[in-house]
Amino acid sequence: MILFAAAQSSPTIHVDDTKTGILIPLYRHPDSTWDDLIQVKRAHPTVPIIAIINPDNGPGSWDPSYVLGIKKLQSAGIPSLGYIYTSYGARNLTEITADIDTYKNWYGVNGIFFDEMAHVPGKEGYYLHLSNYAKSLGLNFTVGNPGKDELPSYIGTVDNIVIYENSGLPSIDLLTGWHTKYPKYNFSMLSYGVDTLDEKFIQSASDHVGLIYITDKTLPNPWYSLTSYLDKLVSLVGSAPDQEKDLVSPVSFQHEQ
């Protein structure tokens, strides 16, 4: 379960291994679409929803609309992650930490989304360093996105790894395998080009990933608009049975403002 509890001094993100939430790439300038997402959250207040914001392939130039938009999301119980690309571990660490600083200072995000995550041996320390740096600033939830299945050695370098980002739905076999040795909050999936929701798939996938998003939007930018069935998706994820597992104790991440 991943929750954002709005409070005046210290909003928090809590993670455990019983529920699944929504991880939604909100890759558009703040407008009525952001308000639509807030309305869905208000209709399903117990379902965790996290938004990834991406002003310009990173923090871009300071924009007061994002300041206001992110505050509105947070007030509604939707934490935000700042998008940063990493060029599969080839991008300069100084550039990335500067982007993390910018997201913290300009927008007060709750965490960081590291896109283009490496999926070969040898870059584990790179992502652990970046995740630890973000947390040293109080941005205490980090997600890495290799866009495909990851190596087990990357578990723990960030809090959550996107093990599928592609058109259509992944096989349940992809979501199981070696992943079942770890709590499901380590994993998430992003699917686009899915015309209709498969309720049985969502129930099964919710057993194995902590965060999920499915949309009927397609390339070149399936993340520019909300899926037309967002309300139904959130409802189905929220109604998936809780998982009774004792792999780990709940972990709390706290973001100080």
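The values are calculated or read from the model by the stated rules, or taken from the named source; none is laboratory data. Owing to the predicted nature of the structure, the values given are computational and were not obtained by experimental measurement. Positions of Cβ are backbone-derived with ideal geometry, glycine not excepted, and every protein chain shown enters the neighbour counts.
Points worth noting:
Condition check ((1) assigned to a loop (DSSP other than H, G, I, E, B); (2) on the phi < 0 side of the Ramachandran plot; (3) not aliphatic (A, V, I, L, M)) across all residues:
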| position | (1), (2), (3) |
| --- | --- |
| Thr46 | yes, yes, yes |
| Ile52 | no, yes, no |
| Pro55 | yes, yes, yes |
| Ser65 | no, yes, yes |
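- Pairs, first outside any loop (DSSP other than H, G, I, E, B) in the stretch 78-102, second buried (at least 16 other Cβ atoms within 10 Å of the Cβ) and among the aromatic types (Phe, Trp, Tyr), C-beta under 6 Å, six or more apart: Leu81/Phe113; Gly82/Tyr103; Tyr83/Phe113; Ile84/Phe114; Gly89/Tyr126; Thr97/Tyr133
- When every residue of the stretch 117-135 is checked against the conditions, at least one turns out to be surrounded by fewer than 22 Cβ atoms within 10 Å (Cβ to Cβ), among the polar types (S, T, N, Q) and not in a loop (DSSP other than H, G, I, E, B).
- Subset of the stretch 175-234 that is over 17 Å from Thr18 (Cβ atoms) and aromatic (Phe, Trp, Tyr) - its residue that is surrounded by the fewest Cβ atoms within 10 Å (Cβ to Cβ): Trp178
- Residue list for the stretch 182-195, restricted to those being in a helix (DSSP H, G or I) and either without any contact (Cβ under 8 Å) to a residue 40 or more places away in the chain or of a type in the set (A, V, I, L, M) (or both): Asn186
- Any hit, the stretch 26-38, residues being surrounded by fewer than 24 Cβ atoms within 10 Å (Cβ to Cβ), modelled with pLDDT under 95, of a type in the set (S, T, N, Q) and not in a loop (DSSP other than H, G, I, E, B): no
- Listed by first and then second residue, the pairs with beta-carbon distance under 6 Å, at least 6 apart or on different chains, first residue in the stretch 196-207 and β-branched (Val, Ile, Thr), second not in a loop (DSSP other than H, G, I, E, B), are Ile202/Leu236.
- Test set (1) loosely packed, with under 15 Cβ neighbours inside 10 Å; (2) within 24 Å of Ile202 (Cα to Cα) - Asn160 fails condition number: (1)
- Among (1) over 25 Å from His44 (Cα atoms); (2) surrounded by fewer than 20 Cβ atoms within 10 Å (Cβ to Cβ); (3) of a type in the set (S, T, N, Q) - the single one Ser75 does not satisfy: (1)
For every residue, the table says whether it meets (1) assigned to a loop (DSSP other than H, G, I, E, B); (2) not aliphatic (A, V, I, L, M).
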residue	(1), (2)
Leu139	yes, no
Val143	no, no
Ser153	no, yes
Val162	no, no
Asp173	no, yes
Thr180	no, yes
Lys217	yes, yes
Pro220	yes, yes
Thr227	yes, yes
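- Of all residues in the stretch 136-144, one or more are crowded, with 22+ Cβ neighbours inside 10 Å and aliphatic (A, V, I, L, M).
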